[in-house]
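The values are calculated or read from the model by the stated rules, or taken from the named source; none is laboratory data. What you are looking at is a predicted structure, and each value in this text was computed from that prediction instead of being measured. Positions of Cβ are generated from backbone atoms using ideal geometry, with glycine treated the same way; all protein chains shown enter the neighbour counts. All accessible areas refer to the heavy atoms of the entire protein, side chains included, with ligands and DNA or RNA removed. Shrake-Rupley method; radii C 1.70, N 1.55, O 1.52, S 1.80 Å.
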Amino acid sequence: MADSRTALRLSRALEIVRWRSPKIWGYVAALPLVIMARHIFDLVTGESLKGSALLGIVGVYLAVLVLAIIVVALITGVRMMKVNPQIRTYAATGASLWARYGGEAMEVPSTAGFSTISYTQIKEGRCGSRSGSY
């Protein structure tokens, strides 16, 4: 049974899990490259300014990368303060949290009706409580 904080706790867990995805780290690492594309192009074509040597480009990349990580962390922090609307549909206060497992998919009840989730759509799952018992 969901209590008044269940949806918020699940929303926070979702935001933390997103940081574990290699895809988000790929985006964060590529963002500085996109921002610096003009300088990189100038370096490759030999038209870079005297102060734009390879070492300078690497330094700027690392600085922009740190800035990108800080921005993504701040966005994550703000998102952890709010309840995800999709999670609220099935974890509202007083909602019964359960699933019906079938051969190819599982059904999860929500305030909007049942959602059918194919097992092939599930990327990762965990079960248990904070105490570690299952």
When only residues in segment 1-17 that are open to solvent by less than 90 Å² (accessible area, probe 1.4 Å), part of a helix (DSSP H, G or I) and not small (Gly, Ala, Ser) count, which is farthest from Arg88 (Cα to Cα)?
Val17
Exception for Lys82 within (1) over 22 Å from the mean Cα position of the chain (by Cα); (2) at pLDDT 90 or above falls at (1)
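Examine segment 63-76 for a residue that is in contact (Cβ under 8 Å) with a residue 60 or more places away in the chain, outside any loop (DSSP other than H, G, I, E, B) and in contact with a Ser or Thr (Cβ under 9 Å, 6 or more places away or on another chain), and state whether such a residue exists.
No, that holds for no residue.
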Name the single residue, out of those in segment 18-51 being of a type in the set (S, T, N, Q) and at pLDDT below 80, that is surrounded by the most Cβ atoms within 10 Å (Cβ to Cβ).
Ser48
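Name the single residue, out of those in segment 89-105 being part of a loop (DSSP other than H, G, I, E, B) and of a type in the set (A, V, I, L, M), that is surrounded by the most Cβ atoms within 10 Å (Cβ to Cβ).
Only one residue tops the list, namely Ala91.
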Given the condition open to solvent by less than 50 Å² (accessible area, probe 1.4 Å), more than 22 Å from Ser21 (Cα to Cα) and modelled with pLDDT of 85 or more, answer yes or no: does some residue in segment 118-130 qualify?
no
